[in-house]
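Enquirer: Below are the structure tokens for one structure; questions will follow.
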Amino acid sequence: MADDELEAIRRQRMAELQSKHGGLAWNPMDLNSSNDQQGQQEAQQREADMRNSILAQVLEQSARARLSNLALVKPDKAKAVENYLIQMGRMGQLGGKISESGLIEILEKVSQQTDKKTTVKFNRRRVMDSDEDDDD
């Protein structure tokens, strides 16, 4: 009977601890997953810092402002332009810093390459229209 009482006390204490800490029980595996997540976040931060430093070397301030505005509206297009600029910068194909007008030309090239045609197709259903019966 003492074992049953002890087990009940343990369950009650565990429930108290879980409710106190937001319903999460301590799990030693959580420590490893949090380290992995922290490592991934640090790697993403380093990559973002490296990208920003390369773009700062390649673009003038006005061009960076335009690119950041584009990233707010169309993040996929901005990412493609950033990748293009970083690749050109690493290969040494850029003579100097790119101005805003140069960035506009690059944006036009990218938009021509990824130009999507929008098509609208109307599917009209032929259901008992009163207009069809007016042939009399």
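Enquirer: Note down all Cβ pairs under 7 Å where the first residue falls in the stretch 57-82 and is under 18 Å from residue 112 (Cα atoms) and without any contact (Cβ under 8 Å) to a residue 60 or more places away in the chain, the second is open to solvent by 40 Å² or more (accessible area, probe 1.4 Å) and among the basic types (Lys, Arg), and they're at least six residues apart or on different chains.
Expert: Cβ pairs passing all conditions: 70/77.
For every residue, the table says whether it meets (1) of a type in the set (D, E, K, R); (2) surrounded by 10 or more Cβ atoms within 10 Å (Cβ to Cβ); (3) at pLDDT below 90.
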| site | (1), (2), (3) |
| --- | --- |
| 44 | no, yes, yes |
| 54 | no, yes, yes |
| 66 | yes, yes, no |
| 69 | no, yes, no |
| 81 | no, yes, yes |
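Enquirer: Looking at the stretch 79-95, is at least one residue small (Gly, Ala, Ser), more than 20 Å from residue 48 (Cα to Cα) and over 23 Å from the mean Cα position of the chain (by Cα)?
Expert: The answer is yes, given that some residue of the stretch 79-95 is small (Gly, Ala, Ser), more than 20 Å from residue 48 (Cα to Cα) and over 23 Å from the mean Cα position of the chain (by Cα).
Enquirer: Which members of the stretch 104-127 meet the condition of being at pLDDT below 80 and open to solvent by less than 100 Å² (accessible area, probe 1.4 Å)?
Expert: Within the stretch 104-127, 114, 127 qualify.
Enquirer: Please work out which residue is nearest to residue 100 (Cα to Cα), limiting yourself to the stretch 22-42 and to residues that are among the acidic types (Asp, Glu) and modelled with pLDDT of 75 or more.
Expert: Top of the filtered list is 42.
Enquirer: Across the stretch 90-103, which residue is nearest to residue 58 (Cα to Cα) among those that are modelled with pLDDT of 85 or more and part of a loop (DSSP other than H, G, I, E, B)?
Expert: The selected residue is 97.
The values are calculated or read from the model by the stated rules, or taken from the named source; none is laboratory data. All values derive from a computational prediction rather than experimental measurement. Cβ coordinates were reconstructed from backbone atoms using ideal geometry, including for glycine residues, and neighbour counts include every protein chain displayed. To get the accessible areas, we keep the full protein, side chains included, count just its heavy atoms, and leave off ligands, DNA and RNA. Shrake-Rupley method; radii C 1.70, N 1.55, O 1.52, S 1.80 Å.
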